[in-house]
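Student: One structure coming up, written as C-alpha cells, with questions to follow.
The values are calculated or read from the model by the stated rules, or taken from the named source; none is laboratory data. None of these values were measured; they are calculated from a predicted model. In this analysis, Cβ positions are derived from the backbone assuming ideal geometry, glycine residues included, and neighbour counts consider all displayed protein chains.
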Amino acid sequence: MNRILKSGQLIQLILAHARELMREPGVLFWGIIFPILMALGLGVAFTKKADTIINIAIIQEIKNEINASRNSQLVKNLLDKNAETIPAHNDQPKQYKILVENEKLGNTIFYFFETSWDDGMALLKRGNISILINEIGDHIYYHFDPNNPTAQLTYLKLSGLLSVGAVIEEADTKYIEPLTVPGSRYIDFFIPGMIAMGIMMSGMWGISYRIIEMRSQKLLRRMVATPMKKSHFLIAMISIRTLMSFIESFLLFLFAFFVFDIRIQGNIPALLLIFIAGNIAFAGMAIFVSCHTAKTEIGNGLINIVVMPMMVLSGIFFSYHNFPDWIIPVIQKLPLTMMADATRSIFIEGAGFNEVIMPFAYLMLVGIIFFSAGLKLFKWY
C-alpha cells in the first residue's frame, strides 16, 4: 500500500518551492522588508513624544459686530501669561505663542492669532484650527463643533489655560457656542476626503491590480495576436473604472446627504471637472505602476507604496497641518491632497471654477504624464 506521505518527495517539493521563491527578490522585499520599513517609519513617527501644537483663532468680529477693543483685553491676558509675540510676515496676522511644559504628557504649544469671523470659519472648515474664541465683557466664548473630539480636547486644555485655576467648572459650559453652520462639522470635512480617497483606491486597485492579475494569468498574452491597440485597451479600462467610481462616489454622497445632511455649497460642474481630473490622475498612475510586473505580490507592494503614504499624509482623516511645517509644502503637491482639498473647497467653502482651475490642471498633467510613460513601457506579458 502506498503511503499517503512520502518524506523524500515532500522535502524535495518544499525545497523546489523555496528555490522558486528565492529567485524572486521582489517578493521577499515587499513581503518582508517593506512591512518592516513601514513599521519602523510609523513607529518612529507616532511613538516619539512630540510637542502638541494647537492653533487658536481670536475673532475680531462676530456677525458684523466689531469686538477688537474687547479682544485687546484677551491679548493682554495672554501677554500676562508670558506669551511670546511672533511678528507678522506679509499678510499673515500677528501671533502669540504660549508653551505649556509637561515632561510626562509632552509639551503643548498654543498659537493665538487674530482674524475675522469669515476667515476663521474658512480655517476651521479646512481643518487648520478646531476652535474659535472671542471675549465679550469679562467672559471668553468658545465656538466649536461639540461632536469633534479634537475640538473638545482643545477646549479642555484652552479653558484650563485661560482660566485662573486649571479646574473647569460645570457653569463654564454656558460660554460654549456650538457651531452648527453647514461645513463646520467634522463629518463635513471627512466626506469629501473619503470621496477623493475612494477615487484613488478605485483607480489603483481597480485598474492596476486587475492588469497585473490578467498578466499573471496569461490573459494579456492572448491579446497580442489581435489588432487591438494598447491605448484602446487601457482607455477602455479607464473609462469603465471612471463610470464605476462615479457611481460609488454618488452613492456615498447620497448616504451622507440623507443621514448627515451633507450639502454641496459650491459649483457642481466644477466638482465634476475635479472628479474627472482625479480619475485621470490616478488611472495614469495605476497604468504606470502595472505596466511591467506580472507578480501579484510585487503588484501589491507597488500599489501600497503609492496608496499608503497619501492615505496618511493627504488630510483625509485629519488635517495635514498637524504635520511639521517643513513637510506641508510636499504634502500639498501630492495628487490625493490636491484632489481632497479641491473637493472639500467645493463642498464646504462654496468654491467655483476659479478656485479649482489650478488643481484641475495639476491632476490632468499628472495623469497624462504617467499614462504616457506607462503606455510606452507597457508589456502584454
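Student: Being assigned to a helix (DSSP H, G or I), more than 14 Å from the chain's Cα centre (by Cα) and closer than 18 Å to Gly198 by Cβ: is that true of Ala286 here? Full working, then the answer.
Tutor: Details: assigned to a helix (DSSP H, G or I): yes; more than 14 Å from the chain's Cα centre (by Cα): yes; closer than 18 Å to Gly198 by Cβ: yes.
When the stated conditions are applied, Ala286 passes them.
Student: Can you work out which of the residues in the stretch 223-258 that are of a type in the set (A, V, I, L, M) and at pLDDT below 85 is nearest to Gly278 (Cα to Cα)?
Tutor: Applying the first criterion (of a type in the set (A, V, I, L, M)) to the stretch 223-258 yields 223-225, 228, 234-238, 240, 243-244, 247, 251-252, 254, 256.
Now drop any that are not at pLDDT below 85, which leaves 223-225, 228.
Values: Met223: 29, Val224: 30, Ala225: 33, Met228: 27 Å.
The qualifying residue nearest to Gly278 (Cα to Cα) is Met228.
Student: Only one residue in Ser290, Ser231 is under 20 Å from Met200 (Cβ atoms) and among the hydroxyl-bearing types (Ser, Thr, Tyr). Which one? Steps first, answer last, please.
Tutor: Working: Ser231 fails: under 20 Å from Met200 (Cβ atoms).
Only one candidate passes the filter, namely Ser290.
Student: Here's a follow-up. Just give me the residues in the stretch 327-340 being over 12 Å from Met311 (Cα atoms) and surrounded by fewer than 24 Cβ atoms within 10 Å (Cβ to Cβ), in sequence order.
Tutor: Matches in the stretch 327-340: Ile327, Ile328, Pro329, Val330, Gln332, Lys333.
The rows are residues; the columns are (1) outside any helix (DSSP H, G or I); (2) among the basic types (Lys, Arg); (3) in contact with a Ser or Thr (Cβ under 9 Å, 6 or more places away or on another chain); (4) buried (at least 21 other Cβ atoms within 10 Å of the Cβ).
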position: Phe250; (1), (2), (3), (4): no, no, no, no
position: Phe253; (1), (2), (3), (4): no, no, no, no
position: Val259; (1), (2), (3), (4): no, no, no, no
position: Ile262; (1), (2), (3), (4): yes, no, no, yes
position: Gln265; (1), (2), (3), (4): yes, no, no, no
position: Pro269; (1), (2), (3), (4): no, no, no, no
position: Leu272; (1), (2), (3), (4): no, no, no, no
position: Ile276; (1), (2), (3), (4): no, no, yes, no
position: Ala281; (1), (2), (3), (4): no, no, no, yes
